[in-house]
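S.K.: Mind looking over this structure? Questions follow.
Computed from the coordinates by the stated procedures, all read-outs in this text should not be read as laboratory data. Computed from a predicted model, the values in this text were never measured in an experiment. All Cβ positions, glycine included, derive from the backbone under ideal geometry; neighbour counts span all protein chains shown.
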Amino acid sequence: METVLSGIRSTGHLHLGNYFGALRNYIKMQDEYNCFFFIADLHSLTTHPHPADFHAGVKTILCEYLASGLDPQKSAIFVQSDVPEVSELYVLLNMIAYKGELERTASFKEKVRKQEDNVNAGLLTYPVLMAADILIHRAHKVPVGKDQEQHLEMARVLARRFNNMYGTDVFPEPQAFNFGSDLVKVPGLDGSGKMGKSEGNGVYLIDDEKTIHKKVMKAVTDSGPTEPNSKMPDSIENIFTLLKIVSTPDTVAHFTEAYNNCSIRYGDLKKQLAADICKHTLPIRERIEEIYNDEAYLHNVAKRGRELARESASATLREVRAVVGFKSF
Ligand code: ADP
Ligand code: TRP
């Protein structure tokens with residue numbers, strides 16, 4: 001059976017981009033694969049969260065994972081920092097990752113632009129830690145959104161380089177994965193390219209109905225098409241992209257026709273979009289609230305996840321150590 005692994009950083013709440021780009025695939029994959037899903041708390045340290053908030057960030061993602069349908073009976077659900085083997089593999093992979101290739105990563109260049117007063121080495125080697133996450137479980141498939149494609153390429157490069165350098169086949173080359181074949185990019189409602197936490201344009205799984213309606217009604221639109229079958233501006237196309245993700249094909253066809261014959265009313269389109277987002281997220285929101293207060297359940301899930309993940313990780317690390325030439329006296 002093939003192995004699947006993925007994770008999300010423990011910064012803030014999960015938004016529709018996380019859910020439809022990544023998490024919904026995790027949930028579907030649980031029945032067919034040997035699955036590992038984790039909370040990337042080490043990765044979140046690149047932005048220096050306050051120690052008093054750090055654990056709450058991890059708890060938030062754990063609850064939101066479970067509320068969305070991740071099943072601890074089917075998958076190993078764990079916290080990255082609970083598996084120290086990852087950090088050791090990270091050190092080993094850092095020895096074969098080159099400064100030039102890391103500096104060329106699009107996400108690094110973006111961080112340098114956005115947080116120029118905190119360009120730490122953890123940001124530079126972010127893709128190496130991500131490769132360690134994946135390779136320590138010898139994962140074949142990694143469900144992620146489109147923005148992670150380049151990081152997956154880096155994981156493949158490092159796997160290949162390690163295998164070649166040591167004449168081994170210990171690491172399979174991991175592939176990014178989405179059920180609909182192409183990786184997904186969920187747009188923001190502000191006319192920008194991508195929904196994201198740092199973009200401040202997110203609709204969150206934890207949002208209540210009123211908040212969702214308010215956010216959607218505020219989405220950027222224009223005065224409407226004046227010529228039949230005209231090309232959509234980006235902000236309108238984004239709304240349709242979201243509609244395709246959350247609504248039925250009939251609804252999409254209805255509003256597409258209305259756009260094409262210039263009878264569309266953006267207020268109606270947005271109301272429908274908000275209602276259909278709510279259909280997906282409100283049941284999750286309810287479960288988040290229940291799970292959040294069940295400390296015993298959360299403890300058991302994280303403990304079981306840690307055990308499964310450490311078992312798998314230590315088996316890989318044993319082989320890797322032997323290959324590199326470590327020997328005990
Ligand atoms: P954020 O971008 O909000 O900081 P992360 O970088 O932690 O979120 O992303 C976690 C997962 O969610 C990754 O697999 C990423 O590809 C996916 N993801 C995040 N935003 C989007 C989006 N707008 N569209 C598709 N997938 C996304
Ligand atoms: N870098 C990913 C993100 O920001 C999170 C992540 C860390 C991850 N390690 C991973 C995703 C391993 C998949 C596999 O979205």
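S.K.: Which is farthest toward the positive dipole end of the chain among LEU269, VAL91, GLY180, measuring Cα position about the Cα centre, with Cβ charges +1 (Lys, Arg) and -1 (Asp, Glu)?
M.R.: The listed residue farthest towards the positive side: VAL91.
S.K.: Using DSSP, restrict attention to beta bridges with both residues in the chain and report what percent are antiparallel, rounded to the nearest 5.
M.R.: Working: 1 of 17 bridges.
Antiparallel bridges: around 5 percent, rounded to the nearest 5.
S.K.: Also, I was wondering about something else. Name the shape class, rounded, prolate or oblate, that the alpha-carbon gyration tensor gives for the range 58-177, where a ≥ b ≥ c are the square roots of its eigenvalues, rounded holds for a/c under 1.5, and otherwise prolate holds if a/b is larger than b/c and oblate otherwise.
M.R.: Values: a/c = 1.75, a/b = 1.16, b/c = 1.50.
Oblate, since a/c reaches 1.5 and b/c is not below a/b.
S.K.: Next question. Looking at the range 128-200, which chymotrypsin sites (Phe, Trp or Tyr not before Pro) are DSSP coil and have at most 14 other C-beta atoms within 10 Å of their C-beta? Could you put the intermediate results ahead of the total?
M.R.: Values: sites: PHE162, TYR166, PHE177, PHE179; in loops: PHE179.
Passing sites in the range 128-200 are PHE179.
S.K.: Moving to a separate point now. Calculated from DSSP H runs of 4 or more alone, at -39500 (n - 2.57) each and per residue, what is the 222 nm mean residue ellipticity of the chain, nearest 500?
M.R.: On the way: 14 runs with 176 residues, N = 329.
For the chain, the value works out to -17000 deg cm²/dmol.
S.K.: Specify the longest stretch of the chain that does not include any exposed loop site, a site being one of the trypsin sites (Lys or Arg not before Pro) with a non-H, G, I, E, B DSSP assignment and at most 10 other Cβ atoms within 10 Å.
M.R.: Details: sites that count: LYS231, LYS327.
Here the longest segment lacking exposed loop sites spans 1-230.
S.K.: What does the C-alpha gyration tensor say about the overall shape of the range 209-289? Classify as rounded when a/c is under 1.5, otherwise prolate if a/b is larger than b/c, or oblate.
M.R.: Numbers: a/c = 2.78, a/b = 1.99, b/c = 1.39.
Because a/c hits 1.5 or more and a/b exceeds b/c, the range 209-289 counts as prolate.
S.K.: With a/c under 1.5 counting as rounded, go ahead and sort the range 247-329 into rounded, prolate or oblate using the C-alpha gyration tensor (a ≥ b ≥ c being the square roots of the eigenvalues; past the cut-off, prolate if a/b is larger than b/c, else oblate).
M.R.: Because a/c hits 1.5 or more and a/b fails to exceed b/c, the range 247-329 counts as oblate.
S.K.: Assign unit charges at the C-beta atoms only (+1 for Lys and Arg, -1 for Asp and Glu), then state the dipole size of the range 209-289 relative to its Cα centre in Debye, rounded to the nearest 20. Walk me through the intermediate numbers first.
M.R.: Values: 12 positive and 11 negative charges, 72 e Å.
So the magnitude is around 340 debye.
S.K.: For the chain, just the Cα set please: Rg and Dmax, both in angstrom.
M.R.: Spelled out, the Cα radius of gyration and Dmax of the chain are 21.3, 80 Å.
S.K.: Let me ask something additional. Quick one: Karplus J couplings for the range 208-213, per residue in order, coefficients 6.51, -1.76, 1.60, θ = phi - 60°, nearest Hz, x for Gly and Pro?
M.R.: Along the range 208-213, the couplings run 8, 4, 5, 4, 5, 4 Hz.
S.K.: On a 0 to 90 degree scale, rounded to 10, what angle separates helix 234-246 from the longest Cα axis of the chain?
M.R.: Between helix and principal axis, roughly 70 degrees.
S.K.: Now, a different point. Hey, which of these cross-link pairs are over 28 Å Cα-Cα: LYS210/LYS303; LYS109/LYS244; LYS109/LYS279; LYS109/LYS215; LYS146/LYS244? Let's see the in-between values first.
M.R.: On the way: LYS210/LYS303 36 Å; LYS109/LYS244 32 Å; LYS109/LYS279 37 Å; LYS109/LYS215 30 Å; LYS146/LYS244 17 Å.
From the list (LYS210/LYS303; LYS109/LYS244; LYS109/LYS279; LYS109/LYS215; LYS146/LYS244), the Cα-Cα distance tops 28 Å for LYS210/LYS303; LYS109/LYS244; LYS109/LYS279; LYS109/LYS215.
S.K.: Per the Kirkwood definition applied to all pairs of different Cα atoms, how many angstroms is the hydrodynamic radius of the range 46-95? Show your work: numbers first, answer last.
M.R.: Numbers: mean 1/r = 0.0767 Å⁻¹.
Across the range 46-95, the inverse of the average 1/r is 13.0 Å.
S.K.: About the Cα centre of the chain, what is the dipole size in debye to 20, counting +1 per Lys and Arg Cβ and -1 per Asp and Glu Cβ, all else neutral? Let's see the in-between values first.
M.R.: Details: 39 positive and 43 negative charges, 88 e Å.
Roughly 420 debye for the chain.
S.K.: When the chain is fully extended, how far beyond the present Cα-Cα distance does GLU199 get from ASP294, taking 0.36 nm per residue of separation? Intermediate results must be reported in sequence, preceding the final value.
M.R.: Values: separation 95, 0.36 × 95 = 34.20 nm, distance 3.16 nm.
Separation in residues times 0.36 nm, less the Cα-Cα distance, equals 31.0 nm.
S.K.: For the range 30-102, which GluC sites (Glu not before Pro) pass both filters: DSSP loop (anything but H, G, I, E, B) and at most 14 other C-beta atoms within 10 Å?
M.R.: Values: sites: GLU32, GLU64, GLU85, GLU88, GLU101; in loops: GLU32.
Answer in residue order: GLU32.
S.K.: Take the alpha-carbon centre of the range 273-325, take the same for the range 1-28, and report the distance between them in whole Å.
M.R.: About 10 Å separates the Cα centre of the range 273-325 from the one of the range 1-28.
S.K.: Name the residue farthest towards the positive end of the dipole of the chain from the options ILE236, LEU14, PRO51, assuming +1 on Cβ of Lys and Arg, -1 on Cβ of Asp and Glu, about the Cα centre.
M.R.: Result: PRO51, furthest along the dipole toward the positive end.
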